[in-house]
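> The structure under discussion is supplied below as structure tokens; questions concerning it will follow.
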Amino acid sequence: MAKRIGILTAGGDCPGLNATIRGVAKAMYQKMDNVEMVGIVDGYKGLIEGEAHEMKQSDFSGILTRGGTILGTARTPYSMMRVKENDVDKVALMKANYKKLKLDCLLTLGGNGTHKTANLLAQEGLHVIGLPKTIDNDIWGTDVTFGFHTAVDIGTEVVDRIHTTASSHKRVMVVEIMGNKAGWLTLYTGIAGGADIILIPEIPYNIKKVIKAVERRADRGSGFSVITVAEGAYSAAEAKLKKKERAEKRAKEGYTTATNRIAQEINAMTGFDTRVVVPGHFLRGGTPSSYDRVLASQFGVYAAELVSKGVFGVAVAEQNDKVTHNLLADVAGKTKFVPADNQMVATARSLGISFGD
């Protein structure tokens with residue numbers, strides 16, 4: 001039975017990381033008397049550099065409600081893991097430090113990139129368990145990730161507040177929501193916030209149809225509109241381009257996301273006063289919601305059960321309201337996109353929300 005457990009948080013921070021760390025630790029302390037928890041600092045960067053420290057039971061007290069991560073985090077791209085920089089073999093160092101720290105297993109809390117590196121380490125013979133964290137909710141094999149619902153709550157509050165300004169000034173307000181590849185956060189935020197138009201990467205938009213939806217509202221007496229736009233959204237014309245071509249085109253035109261261009265086009269074609277709002281990192285900061293605290297605790301406890309049973313090379317997941325696990329090899333490198341026929345998309349359309357398609 002594993003007794004010395006390493007734990008790290010990698011990639012972008014989000015609400016629920018500390019709650020998950022706490023869930024793992026408290027469950028492990030309940031299961032055995034001599035468990036040792038080792039906190040690895042700043043994600044895989046800490047594992048590469050050997051920055052870690054033994055943790056006490058008291059370290060896990062009072063962190064259920066704290067946002068961010070007590071272990072710190074950093075982005076260490078999976079694409080660079082096999083690339084030697086200054087003759088440094090990152091994979092070899094992670095394996096060496098795993099042994100130097102005398103770990104029986106390693107728990108990795110993170111998103112898609114974190115899962116890919118976790119699978120790499122599992123293939124290298126290390127005992128690894130992944131836990132799904134991301135406000136994007138785009139990890140394959142799990143219905144939900146911790147951090148997502150909190151971000152939806154924050155995004156919804158932003159849209160709620162934007163509604164009053166939009167109505168008062170009779171403006172079109174374009175709210176950019178995080179989500180570069182998948183539109184789950186924008187979709188849920190848009191529905192919860194009562195947006196009139198939702199634009200996500202999975203459904204390329206036609207600006208003429210977006211404008212038609214805005215004008216239709218105006219014709220009906222609604223002098224304002226609220227649009228939620230995923231940062232990764234792109235037009236039907238851009239959908240025909242390769243990713244590199246799309247990036248080059250945007251760089252040439254002076255923007256990185258479609259949001260400002262959408263606002264400019266609406267203003268130019270309709271004359272409506274149009275403004276852009278970017279809540280950005282507000283969406284991933286602060287205390288986790290009650291939902292995420294419960295989910296994080298469930299995931300942490302389940303991970304502790306996997307450790308006690310010696311089940312490694314897997315990622316914790318929730319499927320059909322049940323906490324379970326998938327093989328890391330089956331989920332690493334896969335993204336869970338919003339299907340065009342998803343029930344939530346259908347719900348939005350039935351509410352009269354336009355996707356600009």
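> Express the accessible area of the chain per residue in Å², computed with a 1.4 Å probe while the remaining protein chains stay in the model.
Roughly 45 Å² per residue, with all protein chains present.
> Identify, among G113, A192, V83, the residue whose Cα sits farthest towards the positive end of the charge dipole of the range 44-200, taking +1 on the Cβ of Lys and Arg and -1 on the Cβ of Asp and Glu, with the dipole about the Cα centre.
Value: V83.
> For the range 83-234, what is the relative contact order in percent, using Cα pairs closer than 8 Å and at least 6 residues apart in sequence?
The value is 20 percent.
> Moving to a separate point now. Over the C-alpha atoms of the range 237-303, what are the Rg and the largest Cα-to-Cα span, Dmax, in Å?
Rg, Dmax (Cα atoms, Å): 19.4, 55.
> Rank Y302, M269, S290 by how far each Cα sits towards the positive end of the charge dipole of the range 249-338 (+1 on Lys, Arg Cβ; -1 on Asp, Glu Cβ) and give me just the farthest.
M269
> For the chain, find the longest principal axis of its Cα atoms and tell me its angle to the long axis of helix 259-270, 0 to 90°, nearest 10.
Taking the Cα atoms of the chain, the angle to 259-270 is about 10 degrees.
> If the only charges are +1 at each Lys and Arg Cβ and -1 at each Asp and Glu Cβ, what is the size of the charge dipole of the range 101-185 around the Cα centre, to the nearest 20 debye?
The calculation lands at about 240 debye.
> A follow-up question, please. Around T274, which amide H atoms from residues at least 5 apart in sequence, or from another chain, sit under 5 Å from its own amide H, with H modelled in the peptide plane?
V172
> Next up: With +1 on the Cβ of every Lys and Arg and -1 on the Cβ of every Asp and Glu, and nothing else charged, how large is the dipole of the chain about its Cα centre, in debye rounded to the nearest 20?
Numbers: 45 positive and 38 negative charges, 96 e Å.
Around 460 debye, computed over the chain.
> For every other residue with a beta carbon closer than 13 angstrom to the beta carbon of V345, add +1 if it is Lys or Arg and -1 if Asp or Glu, then tell me the sum.
Net charge in that neighbourhood comes out at -2.
> Exactly which trypsin sites (Lys or Arg not before Pro) in the range 1-88 are in a DSSP loop and have at most 11 other Cβ atoms within 10 Å?
Those that pass, being in a loop and sparsely packed, are K56, R82, K84.
> Follow-up question, since we're still on this one. In the structure displayed, which of K133/K244; K170/K209; K99/K242 lie more than 31 Å apart, Cα to Cα?
Going by Cα-Cα distance, K99/K242 fall outside the 31 Å limit.
> Might you work out the accessible area of T73 for me, using a 1.4 Å probe with all protein chains in place, and round it to the nearest 10 Å²?
Using a 1.4 Å probe on the heavy atoms, I get roughly 40 Å².
> Another question, if that's okay. Before rounding to the nearest 500, sum -39500 (n - 2.57) across all DSSP H runs of length at least 4 in the chain and divide by the residue total; then give [θ] at 222 nm in deg cm²/dmol.
-13000 deg cm²/dmol
> Taking θ as phi - 60°, what are the ³J(HN,Hα) couplings along the range 100-117 by the Karplus curve (6.51, -1.76, 1.60), each to the nearest whole Hz, with x for Gly and Pro?
The phi angles translate into 4, 7, 6, 7, 8, 6, 10, 9, 10, 9, x, x, 4, x, 4, 5, 5, 5 Hz.
> Under 23 Å Cα to Cα from K95, which lysines show up? Leave out anything in the same chain fewer than 8 places away.
K3, K45, K84, K116, K309
> For the chain, what % of the accessible area comes from carbon and sulfur atoms, probe 1.4 Å?
Of the solvent-accessible surface of the chain, carbon and sulfur hold 48 percent.
> Taking every DSSP beta bridge that has both residues in the chain, what percent is antiparallel when rounded to the nearest 5?
Around 25 percent of the beta bridges assigned by DSSP in the chain are antiparallel ones.
> Express as a percent, rounded to the nearest 5, the fraction of DSSP beta bridges in the range 1-97 (both residues included) that run antiparallel.
55
> May I ask you to derive the relative contact order of the range 272-348, considering only C-alpha pairs under 8 Å and at least 6 residues apart, and to give it as an integer percent?
16 percent.
> Output the relative contact order of the chain, whole-number percent, from Cα pairs under 8 angstrom with separation of 6+ residues.
25
The values are calculated or read from the model by the stated rules, or taken from the named source; none is laboratory data. Note that the structure is a prediction, hence the values are computed from the model and not measured. Glycine gets a Cβ as well: all are built from the backbone with ideal geometry, and neighbour counts include every protein chain shown. To get the accessible areas, we keep the full protein, side chains included, count just its heavy atoms, and leave off ligands, DNA and RNA. Shrake-Rupley method; radii C 1.70, N 1.55, O 1.52, S 1.80 Å.
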